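Chemist: Right, I'll just put the structure down here and ask away after.
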Amino acid sequence: MLTIGYAAQTAKSPLAPFNFERRALRPNDVAMEILYCGVCHSDLHQARDDWGFSTFPIVPGHEIVGRVTEIGSAVKRYKVGDAVAVGCMVDSCQECDQCRKGEEQLCRQANTQTYNSRDRITKAPTYGGYSKHLVVREEFVLRVPDALDLAKAAPLLCAGITTYSPLRTWNVGPGSRVGVIGLGGLGHMAVKLAAGMGAQVTVLSRSPDKEADALALGADNLLVSSDKEAMKKAASSFDLIIDTVPVRHDVSPYMALLDVDGTLVIVGQIGPIDQQLTLPFVLGRRRLAGSPIGGIAETQEMLDFCARKNILPDCEMIRMDEINEAFERMERSDVRYRFVIDMASLS
Ligand SMILES: [Zn+2]
Ligand SMILES: [Zn+2]
């Protein structure tokens, strides 16, 4: 199937229209028309080859919402017209211990990424959601519950699951004391999801001017991390802190905020961690952890949870041809809190 998308041809070139083929349906494939695609920070980084492993041309996009247009002969779960979604991965080995546990994101043979990856069968490059159509095997397609607004649901597929998964892994529930560092695409979802689970949520920010935003998103308070007195008072008062800041920074001031057995979980790409004092880890039995996205079953659970609790990202809708400007604005953190491309603007 011939389709159109937006691709970067080199690390230096802006995204521009790009015609390409989507594969003919295999028996277990679902074809969809893409309606909306969220704009993730990793789209920008990979389009510019900031991480050094991009192949070009690259069609970014892994927060995808669409409607089924065709199904393969063996597809059981979906029918034409269904509202569906695809996140960061489109395949995995399906055989290893992690895949069998439903943790395809941790596949021993590495999952196949929605873009900037290679199809497991043909080895052809995968192209993402900045496009009109997509073909994905049934096992990696999610169902969008009726109660979710399709235009706003897309960012749940990366920003949502990346923050939902650690909240579930560390058993957050009513009364849990959760801190969120950074109030961007991921951070604002972490606040909404943790609040939805009944946790007591604190946003950690270097400046006090984020307070109104934090409270509006559902946080109970804001802790100003540059305020030494306030930080001292907050020592040993968190069960879980989610660090969403995607640039290099010192995590040690946050370690002291964790209670016994507390965990600081890093979900962004922060590069090398500066010298850490080990004593707070040992004395408080504290942990420093990382977490990627979640598995397919957990992603579906997250979508169903958001539908039940009426949780949606705050989105700014853009046209496909506004993507380069959107990238520039993201670099300046000038977005509240996620851009979503209305794919009807691409023809
Ligand atoms: Zn992402
Ligand atoms: Zn596997």
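Chemist: List, please: which pairs have Cβ atoms under 6 Å, are six or more places apart or on different chains, and start with a residue in the range 86-98 that is of a type in the set (D, E, K, R) and end with one that is within 16 Å of ligand 1 (Cβ to nearest atom)?
Modeler: Every condition considered, the pairs that remain are 91/112.
Chemist: Still on this structure, I have one more. Just checking, does the range 90-109 include any residue being in the same structural domain as residue 30 (by TED's automatic domain parsing), small (Gly, Ala, Ser) and within 16 Å of ligand 1 (Cβ to nearest atom)? I'd like the intermediate steps shown before the answer.
Modeler: So in the range 90-109, the residues in the same structural domain as residue 30 (by TED's automatic domain parsing) come out as 90-109.
Still in the running and small (Gly, Ala, Ser): 92, 102.
If we keep only those that are within 16 Å of ligand 1 (Cβ to nearest atom) too, we end up with none.
No, the range 90-109 has no match at all.
Chemist: On the given criteria, is residue 302 touching a His at 6+ places or on another chain (Cβ under 8 Å) and either assigned to a helix (DSSP H, G or I) or under 20 Å from residue 198 (Cα atoms) (or both)? If you could, list the steps in order and put the result at the bottom.
Modeler: Working: touching a His at 6+ places or on another chain (Cβ under 8 Å): no; either assigned to a helix (DSSP H, G or I) or under 20 Å from residue 198 (Cα atoms) (or both): yes.
Spelling it out, it is not the case that residue 302 is touching a His at 6+ places or on another chain (Cβ under 8 Å) and either assigned to a helix (DSSP H, G or I) or under 20 Å from residue 198 (Cα atoms) (or both).
Chemist: Counting only residues that are among the hydrophobic types (A, V, I, L, M, F, W, C) and in a loop (DSSP other than H, G, I, E, B), which one in the range 153-197 is modelled with the lowest pLDDT? First the steps, then the outcome.
Modeler: Step one: filter the range 153-197 for residues among the hydrophobic types (A, V, I, L, M, F, W, C), giving 153-154, 156-159, 161, 167, 170, 172, 178, 180-181, 183, 186, 189-191, 193-195, 197.
Narrowing the set further to residues that are in a loop (DSSP other than H, G, I, E, B) leaves 158, 170, 172, 183, 197.
Numbers: 158: 98, 170: 98, 172: 98, 183: 93, 197: 98.
Filtering the range 153-197 for residues that are among the hydrophobic types (A, V, I, L, M, F, W, C) and in a loop (DSSP other than H, G, I, E, B), the one modelled with the lowest pLDDT comes out as 183.
Chemist: Looking only at the range 87-104, count every residue that is surrounded by fewer than 17 Cβ atoms within 10 Å (Cβ to Cβ) and hydrophobic (A, V, I, L, M, F, W, C) and tell me the total. Quick ask: steps written out before the conclusion?
Modeler: Of the range 87-104, the ones surrounded by fewer than 17 Cβ atoms within 10 Å (Cβ to Cβ) are 93-97, 100-102.
With the extra rule that they be hydrophobic (A, V, I, L, M, F, W, C), the set shrinks to 93, 96.
Final tally of qualifying residues: 2.
Okay, residues lined up against (1) among the hydroxyl-bearing types (Ser, Thr, Tyr); (2) surrounded by 24 or more Cβ atoms within 10 Å (Cβ to Cβ):
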| residue | (1), (2) |
| --- | --- |
| 106 | no, no |
| 116 | no, no |
| 119 | no, no |
| 128 | no, yes |
| 139 | no, no |
| 164 | yes, yes |
| 183 | no, yes |
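Chemist: Taking only the range 106-126 into account, find how many residues are within 16 Å of ligand 2 (Cβ to nearest atom) and either on the phi > 0 side of the Ramachandran plot or assigned to a strand (DSSP E or B) (or both). Don't jump to the end; show me each part of the working.
Modeler: Our first condition is that a residue be within 16 Å of ligand 2 (Cβ to nearest atom); within the range 106-126, this holds for 106-113, 117-121.
Narrowing further to those that are either on the phi > 0 side of the Ramachandran plot or assigned to a strand (DSSP E or B) (or both): 110, 112-113, 118.
Adding up the residues that qualify gives 4.
Chemist: Which of the residues spanning the range 79-105 are within 8 Å of ligand 2 (Cβ to nearest atom) and under 18 Å from residue 161 (Cα atoms)?
Modeler: 92, 98, 99, 104
Chemist: Pairs under 7 Å by beta carbon, first residue over 17 Å from residue 243 (Cβ atoms) in the range 274-294, partner surrounded by 15 or more Cβ atoms within 10 Å (Cβ to Cβ) and of a type in the set (Phe, Trp, Tyr), six or more apart or different chains?
Modeler: Within 7 Å, the pairs are 294/164.
Chemist: Among what's in the range 274-318 and is within 23 Å of residue 40 (Cβ to Cβ) and among the β-branched types (Val, Ile, Thr), pick the residue that is surrounded by the fewest Cβ atoms within 10 Å (Cβ to Cβ).
Modeler: Among those that are within 23 Å of residue 40 (Cβ to Cβ) and among the β-branched types (Val, Ile, Thr), it is 318.
Chemist: In the range 211-246, which residue that is charged (D, E, K, R) and closer than 22 Å to residue 162 by Cα is surrounded by the fewest Cβ atoms within 10 Å (Cβ to Cβ)?
Modeler: Going through the range 211-246, the residues charged (D, E, K, R) turn out to be 211, 213, 220, 227-229, 232-233, 239, 243.
Pick out the ones that are also closer than 22 Å to residue 162 by Cα and you get 213, 220, 239, 243.
On the way: 213: 18, 220: 15, 239: 20, 243: 26.
Applying the filter and picking the extreme gives 220.
Chemist: Collect the residues in the range 148-196 that are in contact with a helix residue (DSSP H, G or I) (Cβ under 8 Å, 6 or more places away or on another chain), within 18 Å of residue 293 (Cβ to Cβ) and away from ligand 1 (no atom under 16 Å from the Cβ), keeping them in residue-number order.
Modeler: 167, 168, 172, 180, 192, 194
Chemist: Now for a separate question. Do we find that residue 174 is surrounded by fewer than 19 Cβ atoms within 10 Å (Cβ to Cβ), farther than 26 Å from residue 29 by Cβ and away from ligand 2 (no atom under 16 Å from the Cβ) in this structure? Spell out the reasoning first.
Modeler: Numbers: surrounded by fewer than 19 Cβ atoms within 10 Å (Cβ to Cβ): yes; farther than 26 Å from residue 29 by Cβ: yes; away from ligand 2 (no atom under 16 Å from the Cβ): yes.
So residue 174 fits the description; yes.
The values are calculated or read from the model by the stated rules, or taken from the named source; none is laboratory data. Since the model is a prediction, treat every value here as computed from it, not as a measurement. In this analysis, Cβ positions are derived from the backbone assuming ideal geometry, glycine residues included, and neighbour counts consider all displayed protein chains.
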